[in-house]
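**Student:** Attaching a single structure in structure tokens format; questions to follow.
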Amino acid sequence: MWRRCCAIGLLALIAGCQSTHEQLIQQGYPPAFADGFQDGCGSGRQAAGALGEFHKNVPRYMADKQYGSGWDDGFR
């Protein structure tokens, strides 16, 4: 019974969570930084061997400092 309650609570918590991208926007980060952070975070997870996809918009990374900074922070 206890495990079932915990599982239901955990599922409700996960379903109610917002993405890191949305959290960054709500905290006042520019959308370009949030985009870069999201791409870099997934790339960092993939590089560490976890499930994830390497994604880096190289032209945007080179031209948009906010995207580049977000990507670097997310990758770390």
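The values are calculated or read from the model by the stated rules, or taken from the named source; none is laboratory data. Small disclaimer: the values here were computed from a predicted structure and weren't measured. Here Cβ is always computed from backbone atoms with ideal geometry, including for glycine, and neighbour counts include all displayed protein chains.
**Student:** Let me confirm something: among GLN46, GLN23, which residue is at pLDDT 80 or above and in a helix (DSSP H, G or I)?
**Tutor:** Residue meeting the stated conditions: GLN23.
**Student:** What are the residues in segment 62-76 that are among the hydroxyl-bearing types (Ser, Thr, Tyr) and in contact with a Gly (Cβ under 6 Å, 6 or more places away or on another chain), if any?
**Tutor:** Once the filter is applied, which keeps residues that are among the hydroxyl-bearing types (Ser, Thr, Tyr) and in contact with a Gly (Cβ under 6 Å, 6 or more places away or on another chain), segment 62-76 yields only TYR67.
**Student:** Are any of the residues in segment 1-19 at pLDDT 80 or above and among the aromatic types (Phe, Trp, Tyr)?
**Tutor:** no
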